[in-house]
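Enquirer: One structure, as structure tokens, below. Some questions next.
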Amino acid sequence: MKRSDIRKGTLYLIAFSVFVFIAIHLIPLFKGEGKVAAASADSHVSHKGQPVWSDTLSNNSSEYAPLDAMDSEIRRFMQKWEMKGMSLAVVRNDSLVYAKGYGYADVETGEKMDASTVMRIASASKLVTAIGVMKLVEQGKLHLDDKVFGPEGILNDSSFTSAVADRRIFDITVDHLLQHKGGFGRGAGDPMFNTREIIAAKGLDHAPDNDELTRIVLGRKLAFQPGNGRRYSNFGYMLLSLVIEKVTGKEYWDFMREDVLHPAGAFQFFPGSTYYADRVKREAKYYAPDDELVEEYNGSGRMVERVYGGSNIPALLGAGGWVTSASDLARIVAAADGLPGVTDILSKRSVDLLTEHNEENKSCRGWVDVERGVWRRTGTLSSTHSLIEKFPQNDCWVIITNNGNWKGHHFGHQLERLIDRLRERYGSSLPERNLW
């Protein structure tokens, strides 16, 4: 055998040995790393298979020594008002500069509240819905002066039209619903929260769905001529959700996520659930302001915790059905505020309409009030309080809690005072950064 052939054979043998070594020792490692990476991605996938900013946001993101005193003040506030858990997000010039959870997401398991914990936001959902309506207006699929009911209306199903007992209902417009001017009263109670009474009054053996509930309410007299008064109406915003469904051909939740929330960069918005077993990932446990059991909303006669079965949360739709984090709620505000930091999903004209303030009856669209340049939105359920305050100095503060308070919606004033103190004492110490 030639010496050159021996050298070639030796090289081939060495190459084959290296290949075998790689196959035996290294390829399984690469596969294992791939599995770990995939598992990690699977555990945090939020949008089109890709991790997003909310996947990595945690309390550690906002550990900042100059604001330790602010954290202590928040904890003292929570102790005073017996709050189980609270989440705070602070935005300045469309940059998320602070996001942290305080207290417990679940007292019984010891799970701490985190910056990415999601909670019910109650009526803050109305702002989200109003943004969705304005998006459809910009797309030309909807007009603020469109009639809601009647043969020429949006919800023109014959079952709705034939149920109308007060012909003034045919005068209701989309804008009336946005501003709580639809004429709906609450003499028979809030139809979104007195399901048991409706079941009993109508002799039903089930809780009415949204369409059936609409027919029932259309069979009542209005409290005033649409547009000539104002009365806060959860039912009106539920109707706006049905309007969205009719003009888009999508379920309300799907349209809002696909066409509004995700384009805004707000990925942690989920339909709320009525029962503890149905909660979504990262969702906190809820606590009522008392230990009293109530009858289940559907008339079953079963006694349940007020926060888990006392009301039909998904049926609220855009009136109060969303679950999200404080930072995601702040994100949708940043995408509809006219500032350049986060790309807006609405035009300046739409933002101006949302924040237009009617001094005579204190009405806005989506927002609770806009006075002296402060945009404010509150939300209250027995299981949560939410508050959004955006100030002329371009800072926005968002708070969500996972328990109610005996003061009910008046507790929102305490949260407002808390934000005022925090802004005054620690606003200048907020870091210059963007956690988004």
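The values are calculated or read from the model by the stated rules, or taken from the named source; none is laboratory data. As the structure is a prediction and not an experimental result, all values here were calculated from the model. So basically every Cβ, Gly included, is an ideal-geometry build from the backbone, and we count neighbours across all protein chains shown. What goes into the accessible areas is simple: the full protein's heavy atoms, side chains included, and nothing from ligands, DNA or RNA. Shrake-Rupley method; radii C 1.70, N 1.55, O 1.52, S 1.80 Å.
Enquirer: For Leu242, tell me the accessible area in Å² from a 1.4 Å probe, rounded to the nearest 10.
Expert: Per-residue accessible area (Leu242): approximately 20 Å².
Enquirer: Counting only protein heavy atoms, what percent of the accessible surface of the range 363-436 is carbon or sulfur at a 1.4 Å probe?
Expert: The value for the range 363-436 is 44 percent carbon and sulfur by accessible area.
Enquirer: Shifting gears a bit: Which of rounded, prolate or oblate describes the range 47-107 when judged by the alpha-carbon gyration tensor and an a/c cut-off of 1.5?
Expert: Cα axes put the range 47-107 in the oblate bin.
Enquirer: What shape does the range 315-436 have by the C-alpha gyration tensor, where a ≥ b ≥ c are the square roots of the eigenvalues, rounded means a/c under 1.5, and otherwise prolate means a/b greater than b/c and oblate the rest?
Expert: Cα axes put the range 315-436 in the rounded bin.
Enquirer: Summarise the accessible area of the range 230-270 (1.4 Å probe, protein heavy atoms) by the percent that is carbon and sulfur.
Expert: Of the solvent-accessible surface of the range 230-270, carbon and sulfur hold 43 percent.
Enquirer: Pop out the ³J(HN,Hα) list for the range 392-402 in order, Karplus 6.51 cos²θ - 1.76 cosθ + 1.60 with θ = phi - 60°, rounded to Hz; leave Gly and Pro as x.
Expert: Once rounded to whole Hz, the list reads x, 7, 6, 10, 10, 10, 10, 10, 9, 10, 10.
Enquirer: Between Gln139 and Arg75, what length comes free when the chain is fully extended (0.36 nm per residue of separation minus the Cα-Cα distance, one decimal in nm)?
Expert: So the extension gain works out to 18.6 nm.
Enquirer: Please list Asp278, Asp290, Asp369 in order of solvent-accessible area, largest first, computed with a 1.4 Å probe with all protein chains present.
Expert: Output order, biggest surface exposure first: Asp278, Asp290, Asp369.
Enquirer: Restricting to bridges with both residues inside the chain, how much of the DSSP beta-bridge set is antiparallel, in percent to the nearest 5?
Expert: Taking every DSSP beta bridge with both residues in the chain, the antiparallel ones total about 95 percent.
Enquirer: Oh, and also: With a 1.4 Å probe and all protein chains left in place, how much accessible area per residue does the range 178-298 have, in Å²?
Expert: With all protein chains present, the range 178-298 gives 42 Å² per residue.
Enquirer: May I ask which of Lys135/Lys181; Lys80/Lys407; Lys348/Lys390; Lys147/Lys246 have a Cα-Cα span longer than 18 Å here?
Expert: Distance filter (> 18 Å) returns Lys135/Lys181.
Enquirer: Let me ask something else about it. Please report the accessible area of Met303 (heavy atoms, 1.4 Å probe, ligands and nucleic acids excluded) in Å², nearest 10.
Expert: Surface open to solvent at Met303 totals about 100 Å².
Enquirer: Shifting gears a bit: Only residues of the range 230-246 count here: report those whose backbone N is under 20 Å from the spot 7 Å along Cα→Cβ of Ser159, or say none.
Expert: In the range 230-246, the label zone of Ser159 (backbone N under 20 Å from the point 7 Å along Cα→Cβ) covers 235-246.
Enquirer: Taking the full set of protein chains and a 1.4 angstrom probe, give the accessible area of Ile388 in square angstrom, rounded to the nearest 10.
Expert: Accessible area, nearest 10 Å²: 0 Å².
Enquirer: In deg cm²/dmol and to the nearest 500, what is the mean residue ellipticity at 222 nm of the chain if only DSSP H runs of at least 4 residues count, each as -39500 (n - 2.57), divided by the residue total?
Expert: My calculation for the chain gives -10000 deg cm²/dmol from helical runs alone.
Enquirer: Could you give the distance between the Cα centres of the range 213-258 and the range 352-391, to the whole Å?
Expert: Cα centres, the range 213-258 to the range 352-391: 19 Å.
Enquirer: Kirkwood Rh, the chain, all Cα pairs: how many Å?
Expert: 23.7
Enquirer: Need one number: nm distance between label points at Lys348 and Arg231, each 7 Å from Cα along Cα→Cβ, rounded to one decimal.
Expert: About 3.9 nm, to one decimal.
Enquirer: Would you mind computing, in nm to one decimal, how far apart the modelled labels at Lys221 and Val374 are, each placed 7 Å from Cα along Cα→Cβ?
Expert: Taking the simple label geometry, Lys221 and Val374 are separated by 4.0 nm.
Enquirer: Normalised by the residues of the chain, what does the relative contact order come to in percent, with Cα pairs under 8 Å and at least six apart?
Expert: Relative contact order comes out at 22 percent.
Enquirer: For the range 320-436, what is the accessible area per residue in Å² when the probe is 1.4 Å?
Expert: Ligands and nucleic acids excluded, the figure is 39 Å² per residue.
Enquirer: For the range 88-209, just say rounded, prolate or oblate: build the C-alpha gyration tensor, square-root its eigenvalues into a ≥ b ≥ c, call rounded for a/c under 1.5, and beyond that prolate if a/b exceeds b/c, oblate if not.
Expert: Oblate shape, in that a/c is at least 1.5 and b/c is the bigger or equal ratio.
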